[in-house]
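The values are calculated or read from the model by the stated rules, or taken from the named source; none is laboratory data. Just so it is clear, the model here is predicted, and its values are computed rather than measured. All Cβ positions, even for glycine, are placed from backbone atoms using ideal geometry, and neighbour counts span all protein chains on display. Protein only, heavy atoms only, side chains kept; ligands, DNA and RNA dropped before computing areas. Shrake-Rupley method; radii C 1.70, N 1.55, O 1.52, S 1.80 Å.
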Amino acid sequence: MLDWQDGQPFSNRFSDIYFSHDSGIKEKRHVYLEGNRLPERFSLLSGRESFSIGETGFGTGLNFISTWQLFDQVTMPGCSLDFFSVEKYPLDDNELESVLSLWPVLQQYAEKLRAKWRRRVPGWNRWSFSGGRIRLTLVIGDVLDAITEVRGGVDAWFLDGFSPVRNPEMWTQPVFMEIARKSRPGATFSTYTCAGSVRRGLEQAGFQVFKSPGFGSKREMLQGRLSGQVSARSSISNAIVIGGGLAGCAAASAFAMRGVSVTLIEGAPALASAASGNPRGILHLRLNAGMNPLQRFLLASYGHGLAWLDDKLPVDGIARAECGELQLAFSVQEEKRINQLAGLDWPAHLLHRVNAEEASRLAGIKLEYGGLWFPSGGWLVPPVLCAALARTAGIEQRTGYQVESIRGVDGGWSVAGKDALQQTWSYDAQVVVVCTGYQIKSFTQLSHLPVTPVRGQISLVPASSRSKNLRTIVCAKGYFSPSFQGKHMLGATHGFNDDTVDLRASDHVENLSKLAGISSSLANSVMAEKFGGRASVRASVPGAMPLVGGLLPGLYVSLGHGTRGIITSGLSGELIAAMACRQILPLPKTVVNALSPAPAMG
Ligand code: SAM
């Protein structure tokens, strides 16, 4: 798709350039950074204030990394930037690399962007850079859909579609109206074009528009402003997170990365004691072809989760492995799901169809079925991830602290309970986030939520001479992981409305039957009498959509992640922290509403 003209990137689809031939980098600074007075506005930010930019047309990311560099140069530590952008035709990894290599002065930023780029998924992507100081929300999709779905106000807009004549859908009246609707009072825009239709359209949407000197050979460009007083957007200063499993640790880390002081409270003597305490968890994305809010949430969570884990728990083969995952077409129904999915337009780095021969080659053992191959699938050790998240600067851990009540007080919430020595304690904060899995009935504000326990037992299977060759995770009705320290993980059972955690031989038998569904010869090769394992209780919600969001002002929940917490916890924590700090949300409105535990608050 990307072509080159005179050493500069060019779009064949739109017959237009991505940036000026004179000097892309200087053009971007002139038109967008200075055109929105960002050097001055950034330098005025203080404390934990955040600023947000919206862009139409991410293209090569040059605007994004130029803005990031400026933000680094002129803002105080503690401030943060949200950059929201949309791109319908993303460059591939090689194209991005070759374009960004044109700007040696921006290499340190370009490299970081490229590392996240390889994790992109269709739809909504949320990546954090510089320890959370920069948040990029990149929607891979159409401009109008993306801006209609964004939540959280924008302070400055970069209108950077291809020329209005060649790329008219980027410059329509509905797009301008939506831009104005998603702006904060006093928001500005700038654009290289000074087409009359753009000027009139933005005026009609409510902007005061004026012409200013353009860059290089362009005589004029447009700038504009909405009326209203610009107000600082300061975040909250403290929060309490209840629950030290993955959902709680991820939420605590997301707040701490925004400079919020967090008290992380866990009733058990250690973090990750319940469902997040399994010796391994699987990064498993199960999709259907119909993209309902749950599917969109899972896809965004998977993309976010991979990029987030790269920062929090890099692949080392011990705490995390990226061995890939095969989802086998083991039944007529699964074959149908897999074929429908594979028929959609996916980037190959995310998933693709493989036949039985390719599947066997990838897995390192003979498999009877083909299916879907997820190259980035893998496993990780959840307690190690929890510990890494809880080490984020700004989090104070309180383990062995049993919560007995949550009470609204002036300006926030008070949480009280007893410690392991039966001493009473209480903490106050502006925000409380409850991440206690199915254990919510004792909190009066939450007791109506439809969260139920689901017992799950995994089996730890000593490797056989045949099974030890397995190189990837393989899923059919259950999943089987490659052996690590001589053991495979095989799972898992689902005991609805059962909150017991005893280890049962009958559950091992059930897991073994799942292994037989993956490969009967694998199942025959392992010694069932030597199975070990662990049972724990997950929290489930009817319909499988977790409950993530605000229940009452300042009271949030992240509950009901079921078997998917490994991929959904990270983005859920990010969503709640962005809500509480009044920043750009990392998910589209439709998904945010579907996750909401109080739909009216959405
Ligand atoms: N801001 C970019 C940069 O810094 O490199 C340059 C953007 S380029 C001039 C315009 C971009 O808009 C292209 O990457 C193009 O694929 C994208 N685009 C065109 N039509 C679109 C649409 N309907 N929705 C979203 N993106 C679109």
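Looking at the P(r) of region 2-226, how many percent of alpha-carbon pairs lie beyond 22 Å? Display every interim value, and only then the final one.
Values: 12033 of 25200 pairs.
In whole percent, the long-distance tail amounts to 48.
Nearest 20 debye, what's the magnitude of the dipole of the chain about its Cα centre given +1 on Lys and Arg Cβ and -1 on Asp and Glu Cβ?
Magnitude of the dipole: close to 420 debye.
Could you point to the residue in Phe51, Cys435, Val74 farthest towards the positive end of the chain's charge dipole, with +1 and -1 charges on the Cβ of Lys/Arg and Asp/Glu respectively?
Result: Cys435, furthest along the dipole toward the positive end.
Go ahead and run the numbers for FRET between His448 and Ser426, Cβ-Cβ distance against an R0 of 41 Å, rounding to 0.05. Write down the numbers at each step before the final one.
Details: r = 24 Å, r/R0 = 0.60.
E between His448 and Ser426, to the nearest 0.05, is 0.95.
Over the chain, what is the percentage of antiparallel beta bridges among all DSSP beta bridges, to the nearest 5? Write out the running numbers ahead of the final one.
Details: 73 of 116 bridges.
Of the beta bridges lying entirely in the chain, close to 65 percent run antiparallel.
Can you tell me how much longer the chain between His349 and Ala598 gets when fully stretched, taken as 0.36 nm per residue apart minus their C-alpha distance, in nm with one decimal? Before the final figure, lay out the partial values.
Numbers: separation 249, 0.36 × 249 = 89.64 nm, distance 3.64 nm.
Taking 0.36 nm per residue and subtracting the Cα distance, the gain is 86.0 nm.
With a ≥ b ≥ c the root eigenvalues of the C-alpha gyration tensor of the chain, is it rounded (a/c under 1.5), prolate (a/b larger than b/c) or oblate? Spell out each step's value before the answer.
Numbers: a/c = 2.24, a/b = 1.39, b/c = 1.61.
Oblate, since a/c reaches 1.5 and b/c is not below a/b.
Roughly speaking, what is the centre-to-centre gap between region 8-86 and region 345-423 when only Cα atoms are used, to the nearest Å?
The distance from the Cα centre of region 8-86 to that of region 345-423 comes to 33 Å.
Once you charge only the Cβ atoms, +1 for Lys and Arg and -1 for Asp and Glu, what is the size of the charge dipole of region 2-226 about its Cα centre, to the nearest 20 debye? Mind showing how you got there, number by number?
On the way: 28 positive and 26 negative charges, 122 e Å.
Rounded to the nearest 20 debye, it is 580 debye.
Would you mind calculating the relative contact order of region 2-226 from Cα pairs under 8 angstrom and at least 6 residues apart, reporting the percent as a whole number? Can you show the working numbers first?
Details: 395 pairs, mean separation 45.7, N = 225.
After rounding, I find 20 percent.
Hey, can you find the accessible area per residue of region 104-182 for me, probe 1.4 Å, expressed in square angstrom? Display every interim value, and only then the final one.
Values: 2660 Å² over 79 residues.
So region 104-182 comes to 34 Å² accessible per residue, rounded to a whole number.
Run the accessible area of region 2-226 with a 1.4 Å probe and give the carbon-and-sulfur part as a rounded percent. Spell out each step's value before the answer.
Details: 4170 of 8340 Å².
Carbon with sulfur: 50 percent of the solvent-accessible area.
Work out the count of Lys pairs in region 2-226 where the Cα-Cα distance is under 21 Å, with the pair 8 or more places apart or on different chains. Write out the running numbers ahead of the final one.
Numbers: Lys26/Lys211; Lys26/Lys218; Lys28/Lys88; Lys28/Lys112; Lys28/Lys211; Lys28/Lys218; Lys88/Lys116; Lys88/Lys182.
Here the count comes out as 8.
For the chain, what does -39500 (n - 2.57) per DSSP helix run (n ≥ 4), summed and divided by total residues, give at 222 nm, in deg cm²/dmol to the nearest 500?
Working: 17 runs with 170 residues, N = 602.
Helix-only estimate at 222 nm: -8500 deg cm²/dmol.
Among the lysines, select those whose C-alpha is under 21 Å from the C-alpha of Lys514, and discard any that sit fewer than 8 residues away in the same chain.
Lys336, Lys366, Lys468, Lys477, Lys487, Lys530
Multiply the residue separation of Trp4 and Gln173 by 0.36 nm, subtract the distance between their alpha-carbon atoms, and state the gained length in nm to one decimal. If you can, show how the numbers build up before the last one.
On the way: separation 169, 0.36 × 169 = 60.84 nm, distance 3.17 nm.
Difference between extended and current length: 57.7 nm.
Shape call for region 466-524 from the C-alpha gyration tensor, a ≥ b ≥ c root eigenvalues: rounded (a/c under 1.5), prolate (a/b greater than b/c) or oblate? The partial results should precede the final answer.
Values: a/c = 2.14, a/b = 1.77, b/c = 1.21.
In terms of gyration-tensor shape, prolate.
With a 1.4 Å probe and all protein chains kept in place, how much accessible area does Arg200 have, in Å² rounded to the nearest 10?
Its heavy atoms expose roughly 130 Å² to the probe.
Along the charge dipole of the chain, which of Pro453, Phe10, Phe255 sits closest to the positive end, that is, farthest toward it, with unit charges on the beta carbon of Lys, Arg, Asp and Glu (+1, +1, -1, -1)?
Pro453
Give me the percent of Cα-Cα pairs in region 160-306 that sit more than 23 Å apart, rounded to a whole number.
Working: 6782 of 10731 pairs.
The answer is 63 percent, as a whole percent.
With both partners inside region 2-226, how many of the DSSP beta bridges are antiparallel, as a percent to the nearest 5? Before the final figure, lay out the partial values.
Numbers: 23 of 46 bridges.
Of all bridge pairs located within region 2-226, approximately 50 percent are antiparallel.
Let me spell out the model: positive unit charges on the Cβ of Lys and Arg, negative unit charges on the Cβ of Asp and Glu, origin at the Cα centre of region 357-408. What dipole size does that give, in debye rounded to 20?
Working: 5 positive and 5 negative charges, 48 e Å.
So the magnitude is around 240 debye.
Between Gln229 and Ser521, what FRET efficiency follows from the Cβ-Cβ distance if R0 is 51 Å, with the result rounded to 0.05? Provide the component values of the computation, followed by the final result.
On the way: r = 71 Å, r/R0 = 1.40.
After rounding, the FRET efficiency stands at 0.10.
Multiply the residue gap between Ala195 and Ala544 by 0.36 nm, knock off their C-alpha separation, and tell me the result in nm, one decimal place. Working shown, then result.
Values: separation 349, 0.36 × 349 = 125.64 nm, distance 4.85 nm.
Extra length available between Ala195 and Ala544 comes to 120.8 nm.
Over region 262-325, give the accessible area per residue in Å² for a 1.4 Å probe, as an integer.
Result: 32 Å² per residue.
Write down the Kirkwood hydrodynamic radius of region 354-499, to one decimal in angstroms, obtained as one divided by the mean of 1/r over all alpha carbon pairs. Write down the numbers at each step before the final one.
On the way: mean 1/r = 0.0512 Å⁻¹.
Hydrodynamic radius (Kirkwood, Cα only) of region 354-499 equals 19.5 Å.
Please give the per residue accessible area of region 1-57, computed with a probe of 1.4 Å over protein heavy atoms only, in Å².
Working: 2370 Å² over 57 residues.
On a per-residue basis, region 1-57 sits at 42 Å².
Looking at the square roots a ≥ b ≥ c of the eigenvalues of the Cα gyration tensor of region 35-162, which shape do they give, rounded for a/c under 1.5, prolate if a/b is larger than b/c, or oblate? Before the final figure, lay out the partial values.
Working: a/c = 1.65, a/b = 1.21, b/c = 1.37.
Oblate, since a/c reaches 1.5 and b/c is not below a/b.
Compute, for Ser558, the solvent-accessible surface of its heavy atoms (probe 1.4 Å) with the complete set of protein chains present, and express it in square angstrom to the nearest 10.
Rounded to the nearest 10, the figure is 0 Å².
Through the Karplus equation 6.51 cos²θ - 1.76 cosθ + 1.60, θ set to phi - 60°, convert the phi angles of region 480-490 into ³J(HN,Hα) values in whole Hz; use x for Gly and Pro.
My calculation for region 480-490 gives 9, 9, x, 6, 9, 6, x, 10, 9, 9, 10 Hz in order.
If I model a spin label as a point 7 Å beyond the Cα along the Cα-Cβ vector, how far apart are those points for Ile17 and Lys468 in nm?
Spacing of the two 7 Å Cα→Cβ label points: 6.2 nm.
So what is the relative contact order for the chain, in percent, with contacts set as C-alpha pairs under 8 Å and at least six apart? Write down the numbers at each step before the final one.
Working: 1356 pairs, mean separation 84.6, N = 602.
Relative contact order for the chain comes out at 14 percent.
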